[in-house]
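Pasting a structure below so you can have a look.
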Amino acid sequence: MRKNIIIVAIVSLVASYGLLLSCTQSDAGKSAQSDAGKTAPVKSELLSPIAFDSSAVPNTPFGKAVLYGRELMINTAYYIGPTGVNGRYLRNYMSCSNCHQNGGIKPHSFSLVFSQDEYPQYRAREGKVLSLSDRVNNCINRPMNGKSLPYDSKEMLAFLCYLKWINDQWEHDTRFKEKAAAPLQLTDTAASPQRGAVLFEANCSRCHGGEGQGLLNSQGRRYVYPPLWGDSSYQSGSSMHRVIKMAGWLKTNMPYDRVTPNTPFLTDQQALDLAAFVNDDRIHKRPVPKDGKDYPDVLTKPVDYGEGPYFDFFPQVQHKFGPYPPIIRYLKEKGLKPSY
Ligand code: HEC
Ligand code: HEC
């Protein structure tokens, strides 16, 4: 027992030394260093990783749909991408799993584990109640820049069967929803695309490419490293295009080979600066949504939504890049519930 404790102590010492080393080595964003201490803690008790056990899935029509649904999550474009073998719905080659990692079961990676519980749900962006199928199509339309799957298609049903299966596998915890993305400490420093550019070069371009273009696999139907901007990336109407939303995700997901859900690599300010750089439409073009007007009720618009009009008097650039706390305080004073 005692021996085990000593071994654990040594391992964690070595691990934290390694982390320290890798932080100092690649911490090119010296300007963001003063904010390093402000990184919000991640609630580790909520984050035990879970695994998908395909052998537990029954060999029935429902079970087959569950397994196809998981395939679709991970190899989306292979099946329904621009040259998909089972249909052509997406206009890019991204996979759902690029953002909802490990088929939507990785903690703090926009987990979909209990999404089935949440729908039908009123959605402020559309200003109406959406079913889970509508919500899946939202992601087909926006991040994947595609056209909606028919509700009765084999693919939509497979997504629904998979989402039901993962919803039923683990004990429900009402706090689980919180782990969609890691909490961030928002400060009165605005996110800076300039600082983000330096951080990108040092920590991200080695995989995503200097132009954020990503890297397709040799068959050209799936990304090894998905694109971050450009015509082949997510639309500007995607939630990923919002700076706070992306930063919370970056904190526990990127750089891909340096983080776990419990050990962020980037500080909160670095994550915000990177999200600002990637999502800065002045320097990075991406597809724009073709359909209707988002957030018909301006009172429900998220604080970090980059398009006006707004309820408050804060300029568009502050909504996009912060500082956010003054906006949040103002909305609270007016008795509103700020979302981000
Ligand atoms: C570019 C990143 C990206 C891609 C690719 C993507 N999504 Fe999403 N998805 C998001 C974000 C961001 C949210 C909002 C998460 C939040 O607000 O917590 C979301 C939300 C969802 C939700 C609602 C979750 C809930 O509980 O409310 C579902 C369901 C969903 N996505 C399914 C999919 C499916 C299926 C695919 C592939 C067809 C997909 N997504 C592709 C980024 C993405
Ligand atoms: C070691 C390679 C690697 C590095 C370094 C890396 N990423 Fe990624 N990134 C990936 C992979 C792989 C995925 C897709 C994950 C999956 O499919 O499970 C991804 C997905 C993403 C996504 C969501 C999908 C998309 O294309 O929009 C974003 C955003 C992202 N990375 C941003 C970054 C940023 C910012 C950095 C630097 C802090 C970074 N990444 C560093 C490998 C990397």
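Residues Arg222, Arg195: which one is of a type in the set (Lys, Arg) and more than 20 Å from the chain's Cα centre (by Cα)?
Arg195
Which numbered condition trips up His241, out of (1) in contact with a strand residue (DSSP E or B) (Cβ under 7 Å, 6 or more places away or on another chain); (2) within 10 Å of ligand 2 (Cβ to nearest atom); (3) of a type outside the set (Ser, Thr, Tyr)?
(1) is the only condition that His241 fails.
Another question, if that's okay. Name the single residue that is nearest to ligand 2 (Cβ to nearest atom) among those in segment 93-125 being basic (Lys, Arg) and closer than 20 Å to Lys301 by Cα.
So, considering only residues that are basic (Lys, Arg) and closer than 20 Å to Lys301 by Cα, the one nearest to ligand 2 (Cβ to nearest atom) is Arg125.
Which of the residues spanning segment 110-124 are within 10 Å of ligand 1 (Cβ to nearest atom) and touching a residue at least 60 places away in the same chain (Cβ under 8 Å)?
Once the filter is applied, which keeps residues that are within 10 Å of ligand 1 (Cβ to nearest atom) and touching a residue at least 60 places away in the same chain (Cβ under 8 Å), segment 110-124 yields Phe110, Ser111, Val113, Phe114.
Which number in (1) under 29 Å from Ser109 (Cβ atoms); (2) more than 16 Å from ligand 2 (Cβ to nearest atom); (3) surrounded by 13 or more Cβ atoms within 10 Å (Cβ to Cβ); (4) modelled with pLDDT of 95 or more marks the one condition that Asp294 misses?
It fails just one condition, (4).
Out of all the residues in segment 177-227, which are closer than 22 Å to Ser239 by Cβ and aliphatic (A, V, I, L, M)?
Once the filter is applied, which keeps residues that are closer than 22 Å to Ser239 by Cβ and aliphatic (A, V, I, L, M), segment 177-227 yields Ala180, Ala181, Ala182, Leu184, Leu186, Ala190, Ala191, Leu199.
Another question about this same structure. Just checking, how many residues over segment 165-181 are among the aliphatic types (A, V, I, L, M) and at pLDDT below 80?
Counting residues in segment 165-181 that are among the aliphatic types (A, V, I, L, M) and at pLDDT below 80 gives 2.
A further question follows. Is it true that some residue in segment 253-262 is among the hydrophobic types (A, V, I, L, M, F, W, C), away from ligand 2 (no atom under 15 Å from the Cβ) and buried (at least 18 other Cβ atoms within 10 Å of the Cβ)?
Within segment 253-262 (the criterion being among the hydrophobic types (A, V, I, L, M, F, W, C), away from ligand 2 (no atom under 15 Å from the Cβ) and buried (at least 18 other Cβ atoms within 10 Å of the Cβ)), the answer is no, since none of the residues qualifies.
Within segment 239-257, identify whether any single residue is part of a loop (DSSP other than H, G, I, E, B) and either at pLDDT below 95 or over 20 Å from Pro226 (Cα atoms) (or both), and answer yes or no.
So far as segment 239-257 goes, no, none of its residues is part of a loop (DSSP other than H, G, I, E, B) and either at pLDDT below 95 or over 20 Å from Pro226 (Cα atoms) (or both).
Of everything in segment 211-237 that's small (Gly, Ala, Ser) and in contact with a helix residue (DSSP H, G or I) (Cβ under 8 Å, 6 or more places away or on another chain), which residue is nearest to ligand 2 (Cβ to nearest atom)?
Gly214
Let me ask you something else. Can you name every residue in segment 55-92 that is within 10 Å of ligand 2 (Cβ to nearest atom) and free of Cβ contacts under 8 Å to residues at least 60 places away in the same chain?
Ile74
Ok, one more. Looking only at segment 258-270, decide whether some residue is in a helix (DSSP H, G or I) and within 13 Å of ligand 1 (Cβ to nearest atom).
no
Quick test for you: out of Lys147, Lys128, pick the one residue that is touching a residue at least 12 places away in the same chain (Cβ under 8 Å), farther than 24 Å from Glu171 by Cα and away from ligand 2 (no atom under 14 Å from the Cβ).
Going through Lys147, Lys128 in turn, just one is touching a residue at least 12 places away in the same chain (Cβ under 8 Å), farther than 24 Å from Glu171 by Cα and away from ligand 2 (no atom under 14 Å from the Cβ): Lys147.
Scan (1) more than 28 Å from Gly146 (Cα to Cα); (2) surrounded by fewer than 21 Cβ atoms within 10 Å (Cβ to Cβ); (3) within 11 Å of ligand 2 (Cβ to nearest atom) for the single condition Ala190 breaks and write down its number.
Failing condition for Ala190: (3).
The values are calculated or read from the model by the stated rules, or taken from the named source; none is laboratory data. Keep in mind it's a predicted model, so treat the numbers as computed, not measured. Cβ sites come from the backbone with ideal geometry, for glycine too, and all protein chains shown count toward neighbours.
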